[in-house]
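**Q** Structure below; questions to follow.
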Amino acid sequence: MKPVIGITADVEISDKHFLNGEYVRAVIRAGGLPMIISVGIEKDVDQLIGLLDGLLLSGGNDINPMLFNEEPHSYLGEVSPSRDSSELELARQMLKTSKPILGICRGLQILNVAAGGTLYQDFHNQKEGPILQHIQKAPNTHSSHYVQVEKGSLLESMAGSERIVVNSYHHQSLKDVPPVFNVTGVASDGIVEAIEGTGEQFVLGVQWHPELLSTNGDAVSLQIFERFISECAEKGN
Ligand code: MN
């Protein structure tokens, strides 16, 4: 039996659900069976989690800053309140299980907020010092900035290196990271690019998009999906 991987759908302001096909194909390529998760499931999260061997929190819009006790900065982008509440409940409950979680881009930010962390709503205006181009103008399968990887981390074991190069499509990033996570990847401007759980559970969040890079055969991206899916096969139902 293939491990069933719940992938949260992206949700537009119009309430239309969609998901970039690269997420689905990356999961299938690594041996998983994808299942797209809608909004409106927060009251039935326990039952839903019972159906899953692992959870992939996908990319998308900005997160409502009220969820980390801030009012909206003028440069906050579009938010999807229904998606926020579904994903936060799903992330909180999944973090209490031993099932693997992979958070990509917004998914990393959801993990952080679910565990009590905060975000820069727009780091160009809120973070001190020079900032790299994190909304790259190169094609989305191109890796544009470096990430310094923590020695001894899960990510280092996947990358086989303490420096990797990633793509980048974000203007929000993690600010305060709660103690349940270690920061294991940082850009040269100090922007957090990867976190991992400190416990036994496989929890990895990355700020970049390995599902896009994997279409070009990027070795680290393929490793991220292969390790995630094999953990799901081992630790899931
Ligand atoms: Mn970046």
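**Q** Filter segment 184-203 down to residues that are among the β-branched types (Val, Ile, Thr) and buried (at least 21 other Cβ atoms within 10 Å of the Cβ) and give me whichever is nearest to the ligand (Cβ to nearest atom).
**A** 191
**Q** So, of the residues in segment 127-162 that are closer than 17 Å to residue 214 by Cα and more than 14 Å from the ligand (Cβ to nearest atom), which turns out to be surrounded by the most Cβ atoms within 10 Å (Cβ to Cβ)?
**A** The extreme case among them is 155.
**Q** Taking interchain pairs and intrachain pairs at least six residues apart, which have beta carbon atoms under 9 angstrom, with the first residue in segment 74-92 and aromatic (Phe, Trp, Tyr) and the second in a helix (DSSP H, G or I)?
**A** 75/124; 75/125; 75/126
**Q** Residue 156 passes all but one of (1) outside any helix (DSSP H, G or I); (2) over 16 Å from the mean Cα position of the chain (by Cα); which number fails?
**A** (1)
**Q** Hey, can you tell me all the residues within segment 5-43 that are within 15 Å of residue 225 (Cα to Cα) and among the small types (Gly, Ala, Ser)?
**A** 6, 21, 26, 30, 31, 32
**Q** Need the failing condition index for residue 236 against (1) closer than 18 Å to residue 54 by Cα; (2) surrounded by 19 or more Cβ atoms within 10 Å (Cβ to Cβ); (3) modelled with pLDDT of 95 or more, just the number.
**A** So residue 236 meets the others, but not (3).
**Q** Can you give me the number of residues within segment 163-183 that are aliphatic (A, V, I, L, M), surrounded by 17 or more Cβ atoms within 10 Å (Cβ to Cβ) and not in a loop (DSSP other than H, G, I, E, B)?
**A** 3
**Q** Kindly indicate whether any position in segment 164-178 is more than 16 Å from the ligand (Cβ to nearest atom) and not basic (Lys, Arg).
**A** Yes.
**Q** Could you grab me the full set of residues in segment 31-49 that are within 15 Å of residue 100 (Cβ to Cβ) and not hydrophobic (A, V, I, L, M, F, W, C)?
**A** Across segment 31-49, the qualifying residues are 31, 32, 34.
**Q** Separate question: Show the residue pairs meeting these rules: Cβ distance below 7 Å; 6+ apart or different chains; first residue within segment 163-189 and within 23 Å of residue 211 (Cβ to Cβ) and among the small types (Gly, Ala, Ser); second residue within 10 Å of the ligand (Cβ to nearest atom) and assigned to a loop (DSSP other than H, G, I, E, B).
**A** If the second residue must be within 10 Å of the ligand (Cβ to nearest atom) and assigned to a loop (DSSP other than H, G, I, E, B), the pairs left are 168/134; 168/136; 168/144; 168/208; 173/191; 173/207; 187/132.
**Q** May I ask you to list the residues in segment 13-38 that are buried (at least 18 other Cβ atoms within 10 Å of the Cβ) and more than 20 Å from residue 94 (Cβ to Cβ)?
**A** 22 - this is the single residue of segment 13-38 that is buried (at least 18 other Cβ atoms within 10 Å of the Cβ) and more than 20 Å from residue 94 (Cβ to Cβ).
Yes or no, residue by residue, for (1) in a loop (DSSP other than H, G, I, E, B); (2) modelled with pLDDT of 95 or more; (3) of a type in the set (Phe, Trp, Tyr):
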position	(1), (2), (3)
14	yes, no, no
24	no, yes, no
27	no, yes, no
31	yes, yes, no
34	no, yes, no
39	yes, yes, no
44	no, yes, no
49	no, yes, no
59	yes, yes, no
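**Q** Restricting segment 1-12 to residues that are over 16 Å from the mean Cα position of the chain (by Cα) and either buried (at least 18 other Cβ atoms within 10 Å of the Cβ) or farther than 15 Å from residue 59 by Cα (or both), which is modelled with the lowest pLDDT?
**A** Here the answer is 1.
**Q** Here is a further query. Provide a single number: the residues in segment 63-81 that are touching a strand residue (DSSP E or B) at 6+ places or on another chain (Cβ under 7 Å) and surrounded by fewer than 16 Cβ atoms within 10 Å (Cβ to Cβ).
**A** Count: 2.
The values are calculated or read from the model by the stated rules, or taken from the named source; none is laboratory data. None of these values were measured; they are calculated from a predicted model. Cβ sites come from the backbone with ideal geometry, for glycine too, and all protein chains shown count toward neighbours.
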